[in-house]
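A short worksheet on the structure shown next.
The values are calculated or read from the model by the stated rules, or taken from the named source; none is laboratory data. What you are looking at is a predicted structure, and each value in this text was computed from that prediction instead of being measured. Using ideal geometry, Cβ is built from the backbone for each residue, glycine included, and neighbour counts are taken over all protein chains shown. Side chains included, ligands, DNA and RNA excluded: accessible areas come from the protein's heavy atoms. Shrake-Rupley method; radii C 1.70, N 1.55, O 1.52, S 1.80 Å.
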Amino acid sequence: MEANSKNIELIRGDYKKAVKKLSVPTMISLLVASLYNLTDSIWISALSADALAALGFILPFFYIVMGFGSGLAVGVNSAISRQIGANDHKQASNTAIHGILLAIVFSILIGVFSYYTIPIFLDIGLVGVEVGLSESLALEYGQILFAAIIPFILCEVEVAILRSEGDAKRGMYVMLATVILNIILDPIMIFTLNMNIAGAALATVISETIGCLILIYWIHYKKDTYLGIKRENFTFSFYHIKQILSIALPSTFEDLITSILNMAENIILLLSGGYLAVAAYSAVCRLTQLIIIPIKGLGVSMITLAGNMYGEKNYGKLKSTYFYTLKLSIIITTLLIVLSYVFAPQIGVLFASGDIKLSVEVSKALRLMIITILSVCFGVISCNFFQEIGKGTISLIITVIRSSILKVIFTIFLFYFIFNMGVNGVYFGVMMCGIISGTIAFSWALYYLRKLLKHDDDSSISN
């Protein structure tokens, strides 16, 4: 082994202690990662409402691309965790190397494709942007990000490798370093160097690249990880690629579907409320992403733990971990919902930069949408459960139900066209989708857990 096994002992020990130990660094990592966009939103809003709307138009594209990076990271984490649970160190190391290679190859392909296709999508009005200032600003911001996409995707995978062996802290340290650097660089490059929205994009790229270099040093040169990321442990295998992609592709399609439906929502908002509605919704989406960070952090940590338990075939412990993680997410999220509802006007002012109308719209949208975040607990934790046991297709089906079927039914047809609710129709549609899809995801997870436990009981009887 390349290092001691303290982290491995953690993920194989008391699940309550492990959930807390892994989830806190993961939450902090996700929080500081979200601060990239939050920081950009705050500084860009000081430029103009058009600039903030441009950010809202381009981010769905960026989320599509980063969705693959996140999906690949989930696939790598899930596959490695199951192999560690089965005590197969060599194959776990080989899977990690395959994940790194996939990250490099696909980030190049996706980056080139995205760089050249974004102008086309904007020109044909895919996101409902008329030719004008917001479109040109969106293009300027987006092309800089996509031209330098490699460190973004590679960072996702290398942090997942550390997390899969129970080392969540170093991923947190990298994210802290990059976001602090981004906060420092943003005002310098946007205002001092007078680079405007391009400066915000460049600040993010520079910060992420430095973070990626730190991870490369730790994993490839310092070599103090449990896994052996070195040439002698690599044997090319389509099996490892299949293991990773069987989780990564469904997870990627989940983000793709969500981003496409977000574009449709942008069109509806633009038609019914103009750029003000798009800017407010963009701000609220970023705020809700911050609020659900504890849910995501707990869910991501569960991928490592439950993947290990699934590899061990310890289904009773797997069930206990699922319910304990869900309980913690509900408690933490309830507190954040109350705080966000109470301080919604102050939050609106933060994103409005003196624009009273925008401040009121942000506050109203936040108070409407915040109520349904509890349903996200059931949806996210349940989808993570399916990803961790190698059933990424089920997670994809749940997302299709939520983001395609339900959003089309409620947001587009029912509330917008039939009830003619305009901007409020988007908000109520999102609320209904969250509640129904969360119920479906939770029910499906319960059914699958009972199925695993029954199989375990049957095996015990036959033995």
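Descriptive notes on the structure:
- Candidate set: segment 80-129, residues that are at pLDDT 80 or above and outside any helix (DSSP H, G or I); chosen: the one surrounded by the most Cβ atoms within 10 Å (Cβ to Cβ): ASP88
- Near pairs, Cβ below 6 angstrom, 6+ apart or cross-chain, from segment 261-273 (of a type in the set (Ser, Thr, Tyr)) to any residue that is in a helix (DSSP H, G or I): SER272/VAL423
- Whenever a residue of segment 200-213 is under 20 Å from LEU47 (Cβ atoms), its partners that are among the small types (Gly, Ala, Ser), lying with C-beta atoms within less than 7 angstrom and at least six residues away or across chains, give the pairs VAL205/ALA148.
- Selection count, segment 167-205, where residues are in a helix (DSSP H, G or I), within 30 Å of ILE80 (Cα to Cα) and either over 21 Å from the mean Cα position of the chain (by Cα) or not basic (Lys, Arg) (or both): 11
- Pick from segment 404-453, criterion at pLDDT 80 or above and of a type in the set (Ser, Thr, Tyr), ranking: least open to solvent (accessible area, probe 1.4 Å): SER437
- Across segment 205-245, the qualifying residues are those that are among the charged types (D, E, K, R) and open to solvent by 50 Å² or more (accessible area, probe 1.4 Å), and the one among them that is nearest to GLY392 (Cα to Cα) is LYS242.
- Test: residue in segment 48-59 that is within 22 Å of LEU181 (Cα to Cα), over 18 Å from the mean Cα position of the chain (by Cα), in contact (Cβ under 8 Å) with a residue 60 or more places away in the chain and open to solvent by 10 Å² or more (accessible area, probe 1.4 Å): no
- Residues of segment 55-72 that are of a type in the set (Gly, Ala, Ser) and touching a Cys at 6+ places or on another chain (Cβ under 9 Å): GLY56, GLY69.
- Residue check for TYR141: surrounded by fewer than 24 Cβ atoms within 10 Å (Cβ to Cβ) and outside any loop (DSSP other than H, G, I, E, B): no
- Number of positions in segment 294-320 that are open to solvent by 10 Å² or more (accessible area, probe 1.4 Å) and out of contact with any Phe, Trp or Tyr (no Cβ under 8 Å at 6 or more places or on another chain): 11
- Segment 210-261, subset assigned to a helix (DSSP H, G or I) and acidic (Asp, Glu), residue farthest from ASN384 (Cα to Cα): GLU232
- Helices (runs of 4 or more DSSP H) enclosed by segment 281-389 - at least 3 residues per element that are farther than 29 Å from ILE84 by Cα and free of Cβ contacts under 8 Å to residues at least 12 places away in the same chain: 315-342
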